[in-house]
1. Return the distance in nm (one decimal) between the two label points of a simple spin-label model at residue 176 and residue 354, each offset 7 Å from Cα along Cα→Cβ.
2. Scattering from the C-alpha atoms of the chain alone, worked out with Debye: what is log10 I(q)/I(0) at q = 0.06, 0.09, 0.14 1/Å?
3. Compute the angle between helix 243-253 and the longest alpha-carbon principal axis of the chain, please, reported from 0 to 90 degrees and rounded to the nearest 10.
4. Take peptides 87-99, 216-228 and line them up by average Cβ neighbours within 10 Å, highest first, as a rough protection proxy.
5. Given a Förster distance of 25 Å, report the FRET efficiency between residue 304 and residue 340 from their Cβ-Cβ distance, rounded to the nearest 0.05.
6. Would you calculate, for the chain, the mean residue ellipticity at 222 nm contributed by helices, counting each DSSP H stretch of 4 or more residues as -39,500 (n - 2.57) and dividing by all residues, to the nearest 500?
7. Ranked highest first by the average count of other Cβ atoms within 10 Å around their residues, in what order do 208-214, 381-387, 67-73 fall?
8. Please sort 133-140, 35-42, 331-338 by packing, taking for each peptide the average over its residues of neighbouring beta carbons within 10 angstrom, highest first.
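No value in this document is a laboratory result; all are computed from the given coordinates. If you're wondering where the values come from, they're calculated on a predicted model, not measured in any experiment. Don't worry about glycine lacking a Cβ; one is built from the backbone with ideal geometry, like all the others, and counts go over all protein chains shown.
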């Protein structure tokens, strides 16, 4: 044992301050509270930031491909042959031809910006993030007509877009393309009406409020790309190891094509999350540092107040090392107890953060986590054991460092000088 029974007994005795030492006890209490709050806050914030990244990444890669192939002239011909060759690559799990375009979506006098994606029915049904999150209607009638008219004039839209336009299953929406038709009297906007057959809600506001899926054959007519597409989405086995796959895809496609991976497409977004995460960690670490300074100041006052006791202990045979360990244990105990309390609070809060958010929201009557601002409809939290270990190690480091100087001063105290004026 580092501390013997005598040292532990004296250290615990000094932690239980008497009435005349109440101010020192208050400082110790605030130090413990500061360490606990700092550790708990860091754990919760890091968990939420990790949750944001994981949730956004899963939704972005569930709706968008890991690689995107685009024709430099805006179209890809013979896309069925290209898709077959892409699917033959070992690392590729799926290649989906599609037409993508910006439109204005209107219904009942309301309008909203939208992003149309024309895909084949089987490809949409195989996309689990859409097919498994249908909140109304379904995909059975999607592309059932077998042609560019009739039952192919159907659409599946995001639930928030449907709410914004006040449409239900079976209602019609009109898509307005910015690329109009030029006539002798000017440019006429290109319009087409689609019947809504279902709503999806994947939990990411940007997608739920803008995406419109229509059959590929219908999109080819609307965007005037007969027998062509303007993009091919590629899904791979390992999204974090895209370098070799991207090179093979580029070699297969040849010149005249542009290839973007998900990291390039969302670089600014995820870099912003990374920078914010690092800055938050640095700022919140100051809470622990301030609490460590409180331990330091409290221990200095304790040593000064216990000068007579130290002198008596030294005359009774206590060594300098014993005195140092007594006062080190006194200060370190505050840090260890505060760290343990903060660890328990942080893990409990992170594990129930969505329940706590809903409770506070119901009590205050205000929306504490707006999907329009934070993109996700729920507050995610993912606890990383490595990060938790780093936070605890940092808190313990400052907790052990802070009492060293006061303990060293206590050990160097001369008993004769301490008792001279008693």
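1. 3.8
2. Rounded to two decimals, the profile gives -0.44, -0.71, -1.21.
3. 10
4. 216-228, 87-99
5. 0.30
6. -17500 deg cm²/dmol
7. Result, highest mean first: 208-214, 67-73, 381-387.
8. The packing order, highest mean first, is 35-42, 331-338, 133-140.
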